[in-house]
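What follows draws every value from the coordinates through simple rules; no lab data is involved. Keep in mind the model is a prediction, meaning the values are calculated, not measured. Please note: Cβ atoms are built from the backbone with ideal geometry, for glycine as well, and neighbour counts cover all protein chains shown.
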Amino acid sequence: MVANDFRVAAYDEFSARLEGFLGPERPLKIADLQQHGLDRLLSRYVLSEPDRVRIVTYMFLADQRWKREPPPGLVETVTGDDAGIVVTGTNVVNREFRHIFMREAPRAVLLGLIVVFALLWIDFRSLRLTAIAMAQLICGVVLMLGAMKLADIRLNYVNAFVATMILGVGIDYSIHLVHRFTLSHGRVELGLLETGKAVVIAALTNIAGFGTLTLASYPAMRSFGIVALFGSITCLFTALTLVPAIMAREETRR
């Protein structure tokens, strides 16, 4: 302070405290810090229990590659053989969610397809008509996944629910068209065009509803809306093209 032209007397109180910091009479305890108003800060790192003390250590990874999952071997290295050490964080939780999603999502989709198939068969009482409606739905979902790939949208545990939701939303379009084609014996007539208009309006209302989610600032909600938008459009497209093509072709053969 003298070398830098400071008034040393102004810092006497600080200097005395500094000497105490550098030469404490005894080790500091948690209670000492709590008595000086540091409870709120300590609560982030230390949890005192009757039989033990839990300590939290924060680790910040500079590499942005590890925002979605922890670096390979990090969790195993930190925990070792100590069952009392737990490693958590958004990337660790995301990895666990992905494992759960990869295990549960195929089951949910398969179960949804089975239920939809059963309901269609009960309605149509025809394996051929059920297969036509299912073909429209499956092709629509495949096109939706292709659109996601082109738009560089990753499938995650938020927008993955759209796939199961589309099973119920996208099949409606083909149900109405298959019924109308059955009545017209595969011929494209005025009544069928009116049914097609109703199907388009129904799809547009879904598109308008899901489209509002694309304006959300929360990325997960926005991806949910975009994927639902893609699914509604692709299922409408397959309903207006694939179903009439198949049923009209079969009528022409007969």
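Here are some notes:
- Linear extension gain, D152 paired with E96, 0.36 nm per residue minus alpha-carbon span: 17.9 nm
- Neighbour counting of Cβ atoms within 10 Å sorts the residues C139, C235, fewest neighbours leading, into C139, C235.
- Segment L119-R52, extension gain: residue separation times 0.36 nm, minus the distance between their alpha carbons: 18.4 nm
- The chain: most fluctuating residue of T234, T214, T182 per GNM, C-alpha cutoff 10 Å: T182
- Prolate/oblate/rounded call for region 78-219, Cα gyration tensor, a/c under 1.5 rounded: prolate
- Global geometry of region 111-159, whether rounded, prolate or oblate, following the gyration tensor of its Cα atoms and the 1.5 cut on a/c: oblate
- Amide H to amide H distances under 5 Å link V46 with V56, where only residues 5 or more positions off or on other chains count and H is placed in the peptide plane.
- A straight Cα-to-Cα reach below 20 Å connects K197 with the aspartates and glutamates D172, E189, residues fewer than 8 places away in its own chain not being considered.
- Length available on full extension from E69 to L183: 0.36 nm per residue minus the Cα-Cα distance, which gives 35.6 nm.
- Projecting the Cα positions of V92, A105, F117 onto the charge dipole of region 83-153 (unit charges on Cβ atoms of Lys, Arg, Asp and Glu, taken about the Cα centre) puts F117 furthest along the positive direction.
- Residue order, fewest to most surrounding Cβ atoms within 10 angstrom, among V162, V56: V56, V162
- GluC sites (Glu not before Pro) within region 1-49: DSSP coil, no more than 13 neighbouring Cβ in 10 Å: E25
- Eligible lysines near K149 by straight Cα distance, threshold 29 Å, same-chain separation 8 or greater: K67
- For the chain, averaging the sequence separation of C-alpha pairs within contact (under 8 Å, six or more residues apart) and dividing by the residue count gives a relative contact order of 17 percent.
- Under a 5 Å amide H cut-off, with hydrogens placed 1.01 Å from N, G89 pairs with nothing among residues at least 5 apart or on other chains.
- Computing Cα Rg over 2.2 N^0.38 Å directly from the structure and comparing it against (i) 1.26; (ii) 1.01; (iii) 1.75 singles out (iii).
- Neighbourhood charge, 13 Å Cβ-Cβ cut-off, centred on T164 and excluding it, Lys, Arg +1 and Asp, Glu -1: 0
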